Amino acid sequence: MKAMLGTIINCLAVITGSVIGLFIGRFYTEEMKDITIKGIGLITIIIALQAALQTMSLKATDYILIIFSIVIGGTTGVIIRIEDRIETLGKWIQEKATSEKENNRFVEGFVMASIIFETGPLAILGAIYDGLQGDLTLLLTKSALDGFVSIAFAATMGVGVIFSSLVVFIYQAPITLLASLIAPFIPKYTQDLMSVVGGIIILGLGFKLLDIKDVKVANLIPAIFWVIPLAALNPYLNILFP
């Protein structure tokens, strides 16, 4: 249960935001929503910098591994088209939900909220961080963002938004559980390096939330996993670059 705490908080944030939205959401304007997202974008950048710069004291060989992880991971993401597939899945679900005349506001609210909450990289990264290191920072940030967004969604789409919290749990909980199971077998150095790479990816997400640059963040997610085999090269790199 402890490993699931971040996801549980995320679900409660969606439920709470939805309930608030049903009562007062009509007063939550687009301008309020925009400044909320921008504020969370600024916080995301601070989190990214902290993860990337304060986790460990980086040496030249560490930077080499980080560069290779980002380059190979990003290339992997482009090849398997992670970002495109996530967007396609979201559009497909949306079309299925809105193409049938019998679908009402409940279904529309449920589907649209589920797409928004779970087709972003923060869901995957947050769940991984929670499982690997017990770090709830990203999921708490996501919870704040989802909570405010659910206010606006529930105000316009109704009670179906509340039930999107089920999708949040079903999607994020298995990722957290898997990460927590493999964590004991990953050396601390590798976990620290994964945190640094994750921080770089989160920085891209911050830029995206602030509309500075539309970074295809999801395509970079494989970089975190490429750290695991590449970190094994560290002893040999230390010999080449003492």
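Taken together, the values in this text are just the output of simple stated rules run on the coordinates, not laboratory data. Everything quoted here is computed from the prediction, not taken from an experiment. Note: ideal-geometry Cβ built from the backbone for every residue, glycine included; neighbour counts use all protein chains shown.
Which of the residues belonging to region 156-204 are more than 24 Å from residue 235 (Cα to Cα) and touching a Leu at 6+ places or on another chain (Cβ under 6 Å)? Spell out how you get there, then give the answer.
Just the residues of region 156-204 that are more than 24 Å from residue 235 (Cα to Cα), to begin with: 156-181, 201-204.
Listed by number, the residues that qualify are 179, 201.
List pairs: first residue in region 66-81 and at positive phi and in a loop (DSSP other than H, G, I, E, B), second residue of a type outside the set (A, V, I, L, M) and surrounded by fewer than 15 Cβ atoms within 10 Å (Cβ to Cβ) anywhere in the structure, Cβ distance under 9 angstrom, at least six positions apart or on different chains.
Matching pairs, first to second residue: 81/88.
Take residue 38 and decide whether it is over 16 Å from residue 138 (Cβ atoms), of a type in the set (D, E, K, R) and within 17 Å of the chain's Cα centre (by Cα).
Judged against the criteria, residue 38 is a match.
Consider region 106-143. How many of its residues are among the hydroxyl-bearing types (Ser, Thr, Tyr), free of Cβ contacts under 8 Å to residues at least 60 places away in the same chain and buried (at least 21 other Cβ atoms within 10 Å of the Cβ)?
1
Being within 18 Å of residue 63 (Cβ to Cβ), aliphatic (A, V, I, L, M) and surrounded by fewer than 20 Cβ atoms within 10 Å (Cβ to Cβ) is the requirement here; does residue 220 meet it?
Working: within 18 Å of residue 63 (Cβ to Cβ): yes; aliphatic (A, V, I, L, M): yes; surrounded by fewer than 20 Cβ atoms within 10 Å (Cβ to Cβ): no.
Spelling it out, it is not the case that residue 220 is within 18 Å of residue 63 (Cβ to Cβ), aliphatic (A, V, I, L, M) and surrounded by fewer than 20 Cβ atoms within 10 Å (Cβ to Cβ).
Answer yes or no: is there a residue in region 181-199 that is outside any helix (DSSP H, G or I) and surrounded by fewer than 20 Cβ atoms within 10 Å (Cβ to Cβ).
So far as region 181-199 goes, yes, one or more of its residues are outside any helix (DSSP H, G or I) and surrounded by fewer than 20 Cβ atoms within 10 Å (Cβ to Cβ).
Out of (1) over 22 Å from residue 210 (Cα atoms); (2) surrounded by 15 or more Cβ atoms within 10 Å (Cβ to Cβ); (3) among the hydroxyl-bearing types (Ser, Thr, Tyr), what's the single condition that is false for residue 44?
(1)
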